[in-house]
Amino acid sequence: MSGAITFLGFGEAAQTFVGDERWRGAAQGYDAKTDAPALAAMKAADFARLGVRACGSASEAIANAPIVLSLVTADQAGAAARAAAAHIARGALYIDMNSVAPATKRAAAEAIEAKGASYVDAAIMSPVKPAALGAPILVSGAAAEAAEHALRELGFTSVRTVGAEVGRASLIKMVRSVMIKGVEAVTAECLLAAEAGGVLDEVVASLGEDWHQRADYSLDRILVHGLRRAAEMKEVERTLRDLGVAPRMTQGAVAWQGELGALQLSPAPISLTGKLSAISAVHTADVA
C-alpha cells in the first residue's frame, strides 16, 4: 500500500486537520462535491490550497491507502463505509470519525471488516476549530489502540481509547450531543421569543454576565452548521430509541437545527441582534 493517508470527504474538519502545522504525512482525498459541476472548481481549489492530492473517485482514493479517515456528513456515513468496503485493501485502517449512532457504526464495521480491513469508531468531542489536531477524539473497537497510535503519528494530540467495542465512542458522543446541541436549540428558541416580545436585553441579562456572548455563539453555530447538526441529531434520536429513552427534547433540537440551518445565513451576521433580525426577516415558524 502507498503511504498517503486518505480523507473520505474533504469539508471543514478534514481541511482543518490537514491545514494544522502539526500535521505529518502525505495526504490524498476524495469528496463527492467534485462530481457536481457547480462545486467542482471550489473543491479542487480546497485540495490544491492544502497540498492534498485530489482523487477522481472514491475507489482511487481508497484502493491503496493504509489509513482512511472518513469525514462525510452524518447522513452519508453508512453509505460511505459501504462504498469504501468495495475497494479497501486488506489490513487497512478505516477510522470513522462521523457523528452517527452506534448502530450505524456497527453496520459500517461489518462491511469494512468483511473485506479484511480494520474498522475503528472515532468520535470528535469538540468543534474542530480552533482546536484542529488538538481536538479531543475518542476511539473504540478491536483496532482502537492501533488507531490511537496512528492518529498520534499524524499529529493528533488528544486521542483516547475508550473500549474494544465498536459503538462505545459514538455512544458517548451521541448522548453528550443531547445536551450540547439541545442547549443550542433551546437557546435559539428563547432568543427568538425574547426578540419577538421586545424583551431581549432583559432576558439575556437575567441569565448571567456571559450569556450574551454564549447566546451569540450558539446561534452562530446553528446558522452555519444547522443542517449538519440536524442530521447528527437524527442519529442521536435513533440512539436514544435504541436505549429505550424517549427523545422528546432531541426531536425539538432536530427541528430547530434544521430550520435555522436551512435559512442559509452563512456566514452569519456578526452581532446577536444582527442574527436575530436576519432570522426574523426570512424565518416563518410553524406554531400550529
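Number of residues in region 145-155 that are under 20 Å from the mean Cα position of the chain (by Cα) and under 15 Å from Asp96 (Cα atoms) equals 3. In region 3-30, the residues that are within 16 Å of Thr73 (Cβ to Cβ) form Cβ pairs under 9 Å with partners that are in a strand (DSSP E or B) and of a type in the set (Val, Ile, Thr), at six or more places apart or across chains, as follows: Phe7/Val68; Leu8/Val68; Ala13/Ile124; Gly29/Ile5; Gly29/Thr6; Tyr30/Thr6. Please work out if Met174 is surrounded by fewer than 16 Cβ atoms within 10 Å (Cβ to Cβ), farther than 15 Å from Leu8 by Cβ and assigned by TED's automatic domain parsing to the domain that holds Glu235. Answer is no for this residue.
When the residues of region 264-284 are filtered to those that are touching a residue at least 12 places away in the same chain (Cβ under 8 Å) and in a loop (DSSP other than H, G, I, E, B), the one that is farthest from Ala107 (Cα to Cα) is Ser271. Criterion first (of a type in the set (Gly, Ala, Ser), in the same structural domain as Glu145 (by TED's automatic domain parsing), surrounded by 15 or more Cβ atoms within 10 Å (Cβ to Cβ) and within 15 Å of Tyr119 (Cβ to Cβ)) does Ala77 satisfy it? When the stated conditions are applied, Ala77 passes them.
The values are calculated or read from the model by the stated rules, or taken from the named source; none is laboratory data. Just so it is clear, the model here is predicted, and its values are computed rather than measured. Don't worry about glycine lacking a Cβ; one is built from the backbone with ideal geometry, like all the others, and counts go over all protein chains shown.
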